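Presented below is the structure to which this report refers.
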Amino acid sequence: MRSDFLSFLLVLGLVWNSLVLFCNGGITSKFVRKVEKSIDMPLHSDVFRVPPGHNAPQQVHITQGDVEGKAVIVSWVTQEAPGSNTVHYWKEHSSTKHKAHGKTNTYKFYNYTSGYIHHCTIRNLEYDSKYYYVVGVGQTERKFWFFTPPKVGPDVPYTFGLIGDLGQTFDSNITLTHYEKSPKKGQAVLFVGDLSYADNYPNHDNNRWDSWGRFAERSTAYQPWIWTTGNHELDFAPEIGENKPFKPFTHRYRTPYRASGSTEPFWYSIKRGPAYIIVLSSYSAYGKYTPQYTWLEEEFPKVNRTETPWLIVLNHSPWYNSYDYHYMEGESMRVMYEPWFVKNKVDVVFSGHVHAYERSERVSNIAYTVVNGICSPVKDQSAPVYITIGDGGNIEGLATKMTEPQPKYSAYREASFGHAILSIKNRTHAHYGWHRNQDGYAVEADTMWFYNRFWHPVDDSPSFDS
Ligand SMILES: [Fe+2]
């Protein structure tokens, strides 16, 4: 009798639980990660090792160098002397070798002086090809390779990795390793801001920018990382005489902003395979008449969904976030730009900043007119899915506190470190999977089939399916 009663209570509990989930419209994962302090790896760690040889190139990284994907910007640092700023490169199986010459710069930040930072753009590459490239000279030559994307077009499959707020802790190392070992094999990383967290150190110790560059090289030298800037790229420190925002970032990392008509490296667009990717800056002015606003207004009409069906936006501070951390920080940018996102049927927005994971329903909140009181998000099949993926594993630790109850706009949330992969299959379908660090390399903790908003705009919410 007693066991029957317990069974009844258990069933009642399960029904109640599912009712609560249904009412709130979302899932808060039951997975609870053991919360430990996130600690930066010490500078003598092997992941930070300086390559052998006098003045050997280090911190090698590449990014897309034009709008269409036929150019690559190669960047690296030589510590002791300027050295060569030439990149030698060739297509696999080709006997024709090319070279391109870059530019070198240095900068000072309080009491820190950088090494010699090289940037070199190599152009007129063939699509869908493997290229080798060499930087450095003589005994310190270092050879890497990358693959160019397929020609821009609507049905070329392409797979993006998503990483944010990475930092350089032991958790960051696990995130990067899991991304590299993923059987889904990301071909380029969409990075949603906050790279090194050097600004957590006294005087923003820029040696931690160098160590981050060496740590990330094992991926950034072999596939392009598309950079978004976060608050940890600002390095704004007037108390030590450093008044120019983004100083270390702009010297170390390049973006192809001029090619898309932008006037600053922090907002720009690229096409890559079947995707049109718009990168925005949460920490640059975005109000009406500002350069970013004017640029974005002119950007949307350029998107041709017959050429690039998938419209993806990256920014740092999320618009739909139900954690207690950074709650509503993205609100003013949402108010400015959300009507454009809905009108232009953006497929997905990836953000960072909150050190956890969250995926939204397709919702919009654009009806408010000050006097009508209509200010709640509503389901909207023209709206993007908003994904917060600031869970790379940096020194600031996990965001574990959530707003309760889970808002209806939140479809899935979990306080874990991880990364995601977006595999675009064709003009209508893309598979998305989020991977938490505690699982095996192939395990996906949250998945969704995205249906393209232009070509196949039916409800694709996994909660709708169930
Ligand atoms: Fe951030």
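Given the options Asn394, Asn344, Asn365, name the one that is buried (at least 18 other Cβ atoms within 10 Å of the Cβ) and at pLDDT below 95. So the residue among Asn394, Asn344, Asn365 that is buried (at least 18 other Cβ atoms within 10 Å of the Cβ) and at pLDDT below 95 is Asn394.
Taken as a whole, segment 273-289 holds at least one residue that is within 30 Å of Ile395 (Cα to Cα), open to solvent by 10 Å² or more (accessible area, probe 1.4 Å) and of a type in the set (S, T, N, Q).
The combined condition, being at pLDDT 95 or above and either basic (Lys, Arg) or under 19 Å from the mean Cα position of the chain (by Cα) (or both), is not fulfilled by Val335. All conditions but one from (1) in contact (Cβ under 8 Å) with a residue 12 or more places away in the chain; (2) at positive phi apply to His93; the one that does not is (1).
Determine, yes or no, whether Arg218 is under 19 Å from the mean Cα position of the chain (by Cα), more than 15 Å from Val72 (Cβ to Cβ) and away from the ligand (no atom under 16 Å from the Cβ). Spelling it out, Arg218 is indeed under 19 Å from the mean Cα position of the chain (by Cα), more than 15 Å from Val72 (Cβ to Cβ) and away from the ligand (no atom under 16 Å from the Cβ).
Restricting attention to segment 312-341, and to residues there that are away from the ligand (no atom under 16 Å from the Cβ) and among the hydrophobic types (A, V, I, L, M, F, W, C), which single residue is surrounded by the fewest Cβ atoms within 10 Å (Cβ to Cβ)? Filtering first and then ranking leaves Val335. Checking each residue in segment 338-363 for being over 15 Å from Ile312 (Cβ atoms) and of a type in the set (Lys, Arg) picks out only Lys343. Among the residues of this structure, Phe450 counts as one that is away from the ligand (no atom under 16 Å from the Cβ), in contact (Cβ under 8 Å) with a residue 40 or more places away in the chain, part of a strand (DSSP E or B) and among the aromatic types (Phe, Trp, Tyr). State which residue pairs qualify: first residue of a type in the set (Ser, Thr, Tyr) and inside segment 372-388, second residue open to solvent by 50 Å² or more (accessible area, probe 1.4 Å) in any location, beta carbons under 7 Å apart, and separation of 6 or more residues or different chains. Sorted first by the residue in segment 372-388, then by its partner, the pairs are Ser382/Lys345. The numbered conditions (1) within 16 Å of the ligand (Cβ to nearest atom); (2) small (Gly, Ala, Ser); (3) surrounded by fewer than 23 Cβ atoms within 10 Å (Cβ to Cβ) are all true for Gly230 except (3). For segment 419-447: of the residues being in a strand (DSSP E or B) and open to solvent by 50 Å² or more (accessible area, probe 1.4 Å), which is nearest to Thr28 (Cα to Cα)? Looking at residues that are in a strand (DSSP E or B) and open to solvent by 50 Å² or more (accessible area, probe 1.4 Å), I get Thr447.
Okay, residues lined up against (1) open to solvent by 20 Å² or more (accessible area, probe 1.4 Å); (2) away from the ligand (no atom under 16 Å from the Cβ); (3) over 27 Å from Pro150 (Cβ atoms):
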{"site": "Gln223", "(1), (2), (3)": "yes, yes, no"}
{"site": "Ile226", "(1), (2), (3)": "no, yes, no"}
{"site": "Arg258", "(1), (2), (3)": "yes, yes, no"}
{"site": "Gln292", "(1), (2), (3)": "no, yes, yes"}
{"site": "Asn304", "(1), (2), (3)": "yes, yes, no"}
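Do the conditions hold for Ser38, that is, is it part of a loop (DSSP other than H, G, I, E, B), touching a strand residue (DSSP E or B) at 6+ places or on another chain (Cβ under 8 Å), crowded, with 18+ Cβ neighbours inside 10 Å and at pLDDT below 95? So that I can check it myself, show each step before the final result.
Details: part of a loop (DSSP other than H, G, I, E, B): yes; touching a strand residue (DSSP E or B) at 6+ places or on another chain (Cβ under 8 Å): yes; crowded, with 18+ Cβ neighbours inside 10 Å: yes; at pLDDT below 95: yes.
So Ser38 passes the test.
When Arg33 is tested against the conditions (1) open to solvent by less than 40 Å² (accessible area, probe 1.4 Å); (2) modelled with pLDDT of 95 or more, the lone failure is (2). Which residue is farthest from the ligand (Cβ to nearest atom), if the candidates are limited to segment 182-198 and must be surrounded by fewer than 22 Cβ atoms within 10 Å (Cβ to Cβ) and at negative phi? So, considering only residues that are surrounded by fewer than 22 Cβ atoms within 10 Å (Cβ to Cβ) and at negative phi, the one farthest from the ligand (Cβ to nearest atom) is Pro183. Within segment 113-135, is even one residue open to solvent by 20 Å² or more (accessible area, probe 1.4 Å), over 21 Å from the mean Cα position of the chain (by Cα), farther than 27 Å from Gly273 by Cβ and modelled with pLDDT of 95 or more? Yes, the conditions are met somewhere in segment 113-135. Only residues that are among the hydrophobic types (A, V, I, L, M, F, W, C), assigned to a strand (DSSP E or B) and open to solvent by 20 Å² or more (accessible area, probe 1.4 Å) were counted across segment 49-96, and they come to 1. If you check every pair at least six apart or on different chains, which have Cβ atoms under 9 Å apart with a residue in segment 191-214 that is under 14 Å from Leu234 (Cα atoms) first and a residue that is of a type in the set (Val, Ile, Thr) and open to solvent by 10 Å² or more (accessible area, probe 1.4 Å) second? Listed by first residue and then by second, the contacts come to Tyr197/Ile395; Asn200/Ile395; Asn203/Ile240; His204/Ile240; Asn206/Thr113.
The values are calculated or read from the model by the stated rules, or taken from the named source; none is laboratory data. Predicted model only: the values in this text are computed from it and were never measured. Counting neighbours? That spans all protein chains shown, and the Cβs are built from the backbone with ideal geometry, glycine included. Side chains are part of the model used for accessible areas, which takes the heavy atoms of the whole protein and leaves out ligands, DNA and RNA. Shrake-Rupley method; radii C 1.70, N 1.55, O 1.52, S 1.80 Å.
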